[in-house]
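Undergrad: Once you've had a glance at the structure underneath, I'll fire off some questions.
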Amino acid sequence: MRRVIPILITVFSLIAFTLSAQRSAELGVVIGASSYYGDLSPENASSNTSQYQPSFSFFYRQNLNKNFGFRANLAYGRLTGDDSLSDQVFRQERNFNFESSVLELGLIGEVNLFGFGPGGNGPRFSPYIFGGLAVFRFNPLTEYQGQTVELQPLGTEGQGSDGFGNPYRLTQISIPFGAGIKYAINDRINIGLEIGLRKTFTDYLDDVSGAYVPFDVLRSNNGELAAALGNRTGEFLGTEPVDVQEGALRGNPDRDDWYMMGGFTLSYTIFSDRGGNGKVGRRRGGKQFGCPTF
C-alpha cells in the first residue's frame with residue numbers, strides 16, 4: 001500500500017508530460033458534498049441530509065480529444081454515521097457513531113458522450129461518464145464521555161491481539177466512478193455538475209464490521225476503552241456493560257463500505273489545441289488562445 005501513492009504521482013506526472021501536445025488542459029475545482037454508505041447508515045440514507053458533509057477537490061484535466069480525457073484528482077471530504085438516526089430499535093441500542101475525514105488522490109478517465117471542446121475546440125456541452133483508481137486515507141473517530149477518540153488504534157473487534165488478526169489499514173484503494181454534465185461558458189471558463197461513487201475494499205470506514213468480542217476478553221487484551229467502545233449498548237441503556245452471545249455480529253462483514261463525492265465543477269482552460277503545429281491554441285474565429293500573459 002505504501003507504494004501506491006508514489007506510483008500514482010509518477011503516473012500523473014507522466015500523463016501531464018506526455019500529453020502536453022494534445023488538444024487542451026484545464027485546472028479546476030469541485031465543491032459539493034460527501035456521504036457514506038455502510039453499517040451505520042440510516043435506512044433512508046439517500047434522503048437523510050445529516051449524512052451529507054462538505055467536500056471539495058482540485059483537479060488537472062487533460063483532454064485527449066473531444067470524446068476522451070484524463071483527470072488527476074485531489075479530494076477531501078467528511079463521512080459520518082450514527083445509529084441514533086436509525087428507525088430500528090436494535091440499531092439504536094447498538095449505539096455506535098463515527099466521523100472521519102477522507103483525503104483521496106485519484107486518476108480518472110472521462111468519456112464525453114456528445115463530445116466536448118473547451119478552448120473553442122468543439123461542442124460546448126456534453127454529459128460524461130468517468131471511472132478510475134484512487135488511494136485514500138481515513139481515520140474513524142467517535143465521541144465518548146465528551147472526548148473525541150480514534151477508534152482504529154483501540155482494536156474494538158480485537159484487532160492486534162492473538163486470534164483476532166491485524167488492525168485494518170487507514171490507507172486504502174477505491175474505484176471512483178460516476179457521471180456528470182459540463183458546459184463551456186466561453187473559451188476559458190467551464191462549469192458542470194457531477195456525482196461519483198467510490199467502491200472500497202474495506203468494511204472499516206466506520207470501525208464496524210465483524211463480531212463482538214466478549215467484554216472481559218476485549219478489556220483484558222486491548223484495554224478498558226476498547227471494551228467500552230466495542231459494545232456500547234450498556235451506555236445507551238444506562239446500565240453496566242451488556243455482554244452478548246459469542247459470535248454475535250456488530251455489522252455485516254460480507255459487505256464493504258462505500259462513499260460518495262459530488263458537486264459543482266468549475267475549471268479554467270490553461271491551454272488549447274497544442275497539437276504538432278507549434279501554436280499554443282486558437283479561439284473560435286481564428287484568434288490564438290493559450291495561457292494568459294502578463
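The values are calculated or read from the model by the stated rules, or taken from the named source; none is laboratory data. Quick caveat: nothing in here was measured; it's all calculated off a predicted structure. Note: ideal-geometry Cβ built from the backbone for every residue, glycine included; neighbour counts use all protein chains shown.
Undergrad: Among the residues of the range 146-165, which ones are over 24 Å from the mean Cα position of the chain (by Cα) and surrounded by fewer than 19 Cβ atoms within 10 Å (Cβ to Cβ)?
TA: Once the filter is applied, which keeps residues that are over 24 Å from the mean Cα position of the chain (by Cα) and surrounded by fewer than 19 Cβ atoms within 10 Å (Cβ to Cβ), the range 146-165 yields 146, 147, 160, 161, 162, 163, 164, 165.
Undergrad: Those residues that are buried (at least 21 other Cβ atoms within 10 Å of the Cβ), charged (D, E, K, R) and more than 17 Å from the chain's Cα centre (by Cα), I need them from the range 182-202; list them, please.
TA: 182, 187
Undergrad: Within the range 218-250, count every residue that is surrounded by fewer than 22 Cβ atoms within 10 Å (Cβ to Cβ) and either among the polar types (S, T, N, Q) or out of contact with any helix residue (DSSP H, G or I) (no Cβ under 9 Å at 6 or more places or on another chain) (or both).
TA: So the count comes out to 11.
Undergrad: If you don't mind, there's one more thing I want to ask. Among the residues of the range 253-269 satisfying the criterion of being crowded, with 20+ Cβ neighbours inside 10 Å and assigned to a strand (DSSP E or B), which is modelled with the lowest pLDDT?
TA: From the range 253-269, those crowded, with 20+ Cβ neighbours inside 10 Å are 257, 259-263, 265, 267, 269; that's our starting set.
Filter once more, keeping what is assigned to a strand (DSSP E or B): 259-263, 265, 267, 269.
Details: 259: 97, 260: 96, 261: 97, 262: 96, 263: 97, 265: 98, 267: 97, 269: 92.
Per the stated criteria, the residue is 269.
Undergrad: Taking only pairs six or more apart or across chains, which ones have beta-carbon atoms under 9 Å, a first residue in the range 175-203 that is farther than 28 Å from residue 252 by Cβ and in contact (Cβ under 8 Å) with a residue 40 or more places away in the chain, and a second residue that is outside any strand (DSSP E or B) and among the aliphatic types (A, V, I, L, M)?
TA: From residues that are farther than 28 Å from residue 252 by Cβ and in contact (Cβ under 8 Å) with a residue 40 or more places away in the chain, the pairs are 191/185.
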